[in-house]
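Scroll down for the structure; my scribbles are underneath it.
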Amino acid sequence: LAATRRILGTAPGAPPGPAGARVIILTTFDREDYLFEALHAGASGFLLKNAAPEDLIDSVRVVARGDALLSPEVTRRVIARFAGPAAPVPGAAGWRPPELTDREYEVLVSLARGASNAEIAGRLFLGETTVKTHVSRVLTKLNLRDRTHAVVYAYENGIVAPGRE
């Protein structure tokens, strides 16, 4: 965790990390607190050391593309943690980040529900390149590192909740 913070420049007093730097945590610590601390430190991937070599290679490719990846074993826990009641939201019901346009908000909601770029494009009648642009703008405007952090943001802020369409 300390190395992740130093590499990415998220440690208190640390200089900014290199542009485009990404970190995948490969660990034996199968603990929820470690997982969430890694995500808060800025990790783009979290795998357990029992991952198959092919999965490790694939995860490097996924993260290098700018996406994020969680080990299947821990994904269930992430969903369970955020499957409870929605977190309090700033402002009234229907609150949304004021920085986002209507379309960017729709993209964020779709991201939080686990949709791929192709699925978002189909739902919103957009081209995939346009969706990628919207995803990039959402991440930039909300100061988020990747798609995983966008999902966490959406659940923490009550933008989406399990079972709510």
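Here, each number is a calculation from the coordinates, and none is a lab measurement. Note that the coordinates shown come from a computational prediction; the quantities given were computed from them, not determined experimentally. When we count neighbours, we look across all protein chains shown, and the Cβ atoms used for this are built from the backbone with ideal geometry, even at glycine.
Just a few scattered comments:
- Three-way shape call for the stretch 102-156 based on the alpha-carbon gyration tensor, with the a/c threshold at 1.5: prolate
- Dipole of the stretch 102-156 [Lys/Arg +1, Asp/Glu -1 at C-beta], most positive-end residue of Val131, Ile120, Leu144: Leu144
- The orientation-averaged projection of the convex hull spanning the C-alpha atoms of the stretch 1-53 amounts to 3.9 square nanometres.
- In the stretch 1-82, trypsin sites (Lys or Arg not before Pro) in a DSSP loop with at most 15 other beta-carbon atoms within 10 Å: Arg31, Lys49, Arg65
- Span from the the stretch 29-58 Cα centroid across to the the stretch 1-24 one, whole angstrom: 16 Å
- The mean sequence distance of close C-alpha pairs (under 8 Å, at least 6 residues apart), as a share of the length of the stretch 102-156, puts its relative contact order at 44 percent.
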